[in-house]
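I have placed the structure first, in the form of structure tokens, so that the comments after it can refer back to it.
The values are calculated or read from the model by the stated rules, or taken from the named source; none is laboratory data. Keep in mind that this is a model prediction, so the values were computed, not measured. We place every Cβ from the backbone using ideal geometry, glycine too, and count neighbours over all the protein chains shown. For the accessible areas, the whole protein counts, side chains as well, though only heavy atoms, and no ligand, DNA or RNA atoms are used. Shrake-Rupley method; radii C 1.70, N 1.55, O 1.52, S 1.80 Å.
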Amino acid sequence: MSRYKPKTNHRASNNSSKVMSSCDKQQPREKEVNDIVTRSVLRSGLSYESFVKVLIQSALSRLSIWTQADLERLLMMAERLKLDPLNNEIYAIETQSDTSKKSHIVLVVGVDGWSKVINSHPQFDGMRFIESEPGDDELPLYFECTIFRKDRKIATSVREYMYEVHTNQGAWLTHPRRMLRHKAMIQCARICFGLSGVYDPDEAQRISFSMSQSSDTSQNIQCNFNHQPGSVSFKAASQPKTEQSHLGARFVKNWVKKLPGSLQTTLSDLAPEKRTA
């Protein structure tokens with residue numbers, strides 16, 4: 001009998017086992033990369049059914065109807081910003097200008113979500129706030145936010161003025177300074193880090209309000225001019241550009257000086273002598 005035993009290539013066997021294990025791990029990764037829903041479910045640690053149920057109760061709870069494309073758009077933005085839609089760090093709302101048309105879906109990031117985006121950015125190097133002296137109403141005239149980046153020599157500063165953003169509604173009545181500070185922080189972060197495609201809750205309310213107001217105004221103008229005897233049908237969209245610019249200027253002035261609820265276009269504003277002037 002031979003004293004020598006056949007040598008086994010342990011290195012080759014180990015390599016082959018590693019290749020097999022890597023192949024086994026590669027299969028779910030390919031699916032994970034190709035499917036945004038699967039990636040989101042895996043990150044959450046929940047089952048698919050539980051993930052969808054919680055998502056419907058949180059980030060999608062403000063929608064009356066949504067499609068697969070809306071779901072994927074929400075999850076893609078949450079993945080890009082590294083936000084958790086299950087905790088309402090990012091969510092979707094619908095703004096509807098006309099009941100006969102499909103509503104427009106807007107992605108909203110809450111204040112906690114904006115703070116998370118800022119603090120998790122790899123180039124974030126600190127933030128500073130400056131509150132102005134109080135005005136006649138004992139509220140600050142503006143808040144200034146400055147964000148520093150590690151890869152830039154000059155910091156980004158943004159001022160938000162109280163008279164431009166105050167709405168006399170909701171938290172603006174109870175916590176005006178906090179709301180103005182949040183507003184300055186969000187606008188500064190948007191410029192400093194190049195964030196787009198998302199809005200803060202206050203902006204989302206303004207978008208919904210402006211779309212409903214524009215829809216009501218156009219319907220009132222159409223209705224009133226159609227009921228005038230001996231007049232032809234008139235639409236706001238058919239006005240010359242000069243008249244539209246005058247209307248826009250009046251709207252901005254009323255927005256600054258009056259409450260949002262009082263911004264209504266009446267027939268006296270559209271009298272024939274004013275249109276021809």
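Note down the Stokes-Einstein diffusion coefficient of region 121-186 in µm²/s, whole number, using a Kirkwood radius over alpha carbon pairs, 20 °C, and 1.002 mPa s.
Translational D for this selection: 169 µm²/s.
Percent of accessible area on region 35-180 owned by carbon and sulfur, 1.4 Å probe?
Percent of accessible area from carbon and sulfur atoms in region 35-180: 50.
Run the quick spin-label model on residue 173 and residue 123: label points 7 Å from Cα toward the beta carbon, then report their separation in nm to one decimal.
Distance between the two pseudo-spin positions: 4.2 nm.
Once you sort the root eigenvalues of the Cα gyration tensor of region 51-199 as a ≥ b ≥ c, which label holds: rounded (a/c under 1.5), prolate (a/b larger than b/c) or oblate (the other case)?
Judged from the Cα gyration tensor, region 51-199 comes out oblate (a/c at least 1.5, b/c at or above a/b).
Highest mean first, how do 113-122, 184-193, 38-47 rank when packing is the count of other Cβ atoms within 10 Å averaged over residues?
Descending mean neighbour count gives 184-193, 113-122, 38-47.
Classify region 46-129 as rounded, prolate or oblate, taking a ≥ b ≥ c as the square roots of the eigenvalues of its Cα gyration tensor: rounded when a/c is under 1.5, otherwise prolate if a/b is larger than b/c and oblate if not.
oblate
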